[in-house]
Amino acid sequence: MRSKLLALLGSAALTVGIANAGGYQVNLQGQKQIGMGHVGTGLALDQSSIFFNPGALARLRQNGVQVGISALTSKIAYREPSPGISEARTDNPMGTPFQVYASYGAAESPWRFGIGVYTPYGSTVTWGNAWQGRFGLNELTLKTIFIQPTVSYQITDKIGIGAGLVISTGSVNLQRSIPLIDASGREGHIELDGKAKTALGFNVGILVQPIEKLSIGLTYRSEIDATVEGGDVTFITPGAAPVAAQFTANQFDATLPLPDNITLGIGIMPTDKLTIGIDVQRVGWGAYKSLRFDFNGRVGQAPPVETTVSDAPRNYKDAYIYRIGAQYKVSDMLTVRAGGYYDQTPVRTGYLTPETPDADSRSVSAGLTLAVSEKVDLDLSFSYINKKERTDLADKSGGVPGTFKSVAYIPGVGVNYKF
């Protein structure tokens, strides 16, 4: 039981602050980009270039502020291994990831300055306390906010560069049942609640337009160490006092590297009305070989053991995301978009866990922009994510053997004000 607890904590803490690849991935950093399969590295679409490619920000000659929000509804289904017949489904509340961007620069200046505030992950996975895997997970709530002040410079009319400081913070709350039962049938319970310390990273990019109808972008987002210190551990232990004496920890610490990302993007403009984007992103999940966790007391151990230190195996592999999207300007008032992406899972066989059941993902999306006035645009988007059904019977990381299937439905809306 101790090893399963530590491995599960590793999975949960790992996910804090992550929406890059792997886990239950969503890409929601810009409403226009969502509608185009989340492409944007090789394009200068709007102020969300602060996230997608800081080097593209200097190409925007209008100052602006934009606000967007998505309504994330996700469902996960589970089926236990044969010959079992147990099944379960999550009852997740709606998540509301958001993004806010603003940029400013003098009309004739090659400089642009901006700031972005966005939530790369924000949702809750709720399995309840009656499903087959309740000793692996009851509920997991993740909240993250990234803040990115950015500067961009147009070197020539064909080359722009930019860089941003990424300031990351977040929190995690995890709950699971413990296989201890009293005479009335009540099971034990553990809750882990922690806030990640503020961490720093950076985002750099370049956008080159060698010819009028082609642009090429390259970005790099650095690895960030997310650290939880003094997270709260709460136990409910049914039964006699000697049982409670095995669960004395009330705090935990964990430090986890959030992987780096490098993305190559191409923008193709065959006509004045049609724009096509293609992105390939590599996520450095191979950095996750094992994760270390420290508790300040016993976790399911008998005296005289007082401290638990564990390295939970992960053995992730680097993953790639392939995206393609397009937009077409129907009129001065209406622009329509469509796109999709394929996201490889970094999780190897034997390491699947129920908090973010992971498999290769397929996504399709659509969107549009309505020019309400010369200064105000309204963006609408919709994305559908379908993860492949995946069966994992090995248990190398505290997972729940069985078959998992995940889908998500994500409408979104954004408002852009230009000045």
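The values are calculated or read from the model by the stated rules, or taken from the named source; none is laboratory data. This structure is a prediction, so every number in the text was calculated from the model and none was measured. Backbone-built Cβ (ideal geometry, glycine too); neighbour counts: all protein chains shown. Just so you know, the surface numbers come from the protein's heavy atoms only, side chains and all, with ligands and any DNA or RNA stripped out. Shrake-Rupley method; radii C 1.70, N 1.55, O 1.52, S 1.80 Å.
Just a few scattered comments:
- Candidate set: the range 260-282, residues that are in contact with a Gly (Cβ under 6 Å, 6 or more places away or on another chain) and surrounded by fewer than 22 Cβ atoms within 10 Å (Cβ to Cβ); chosen: the one nearest to ASP225 (Cα to Cα): ASP260
- Selection count where residues are surrounded by 24 or more Cβ atoms within 10 Å (Cβ to Cβ) and basic (Lys, Arg), scope the range 32-91: 1
- Elements of type strands (runs of 3 or more DSSP E) contained in the range 269-354, each with 1 or more residues being at pLDDT below 85: 290-295, 308-313
- Pick from the range 366-400, criterion closer than 18 Å to LYS75 by Cβ and either charged (D, E, K, R) or in contact with a helix residue (DSSP H, G or I) (Cβ under 7 Å, 6 or more places away or on another chain) (or both), ranking: modelled with the highest pLDDT: SER383
- Once the range 101-113 is narrowed to residues that are open to solvent by 10 Å² or more (accessible area, probe 1.4 Å) and touching a Ser or Thr at 6+ places or on another chain (Cβ under 8 Å), the residue that is nearest to SER70 (Cα to Cα) is PHE113.
- Any hit, the range 363-380, residues being within 27 Å of TYR101 (Cβ to Cβ) and among the basic types (Lys, Arg): yes
- Screening GLY116 against (1) open to solvent by less than 20 Å² (accessible area, probe 1.4 Å); (2) over 30 Å from ILE167 (Cα atoms) leaves a single unmet condition, (2).
- Tally, over the range 50-78, of residues that are under 25 Å from the mean Cα position of the chain (by Cα) and either among the aliphatic types (A, V, I, L, M) or closer than 18 Å to GLU355 by Cα (or both): 14
- Within the range 42-63, tally of residues that are farther than 20 Å from TYR322 by Cα and touching an Asp or Glu at 6+ places or on another chain (Cβ under 8 Å): 1
- Of the residues making up the range 387-401, just one is within 26 Å of GLN29 (Cβ to Cβ) and surrounded by fewer than 15 Cβ atoms within 10 Å (Cβ to Cβ), namely LYS388.
- So PHE98, is it in contact with a strand residue (DSSP E or B) (Cβ under 6 Å, 6 or more places away or on another chain), surrounded by fewer than 24 Cβ atoms within 10 Å (Cβ to Cβ) and under 27 Å from GLY284 (Cα atoms): yes
- Pick from the range 150-176, criterion at pLDDT 95 or above, open to solvent by 20 Å² or more (accessible area, probe 1.4 Å) and polar (S, T, N, Q), ranking: farthest from LYS195 (Cα to Cα): THR156
- Residue within the range 147-155 that is under 25 Å from THR90 (Cα atoms) and not in a strand (DSSP E or B) present: no
- Restricting attention to the range 187-197, the residues that are farther than 30 Å from ALA130 by Cβ and either surrounded by 16 or more Cβ atoms within 10 Å (Cβ to Cβ) or modelled with pLDDT of 95 or more (or both) add up to 1.
To keep it simple, each residue is scored yes or no on (1) free of Cβ contacts under 8 Å to residues at least 12 places away in the same chain; (2) surrounded by fewer than 18 Cβ atoms within 10 Å (Cβ to Cβ); (3) more than 27 Å from ASN63 (Cβ to Cβ).
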residue: TYR322; (1), (2), (3): no, yes, yes
residue: SER331; (1), (2), (3): yes, yes, no
residue: THR335; (1), (2), (3): no, no, no
residue: THR353; (1), (2), (3): no, no, yes
residue: SER373; (1), (2), (3): yes, yes, no
residue: ASP379; (1), (2), (3): no, no, no
residue: THR403; (1), (2), (3): no, no, yes
residue: TYR409; (1), (2), (3): no, yes, yes
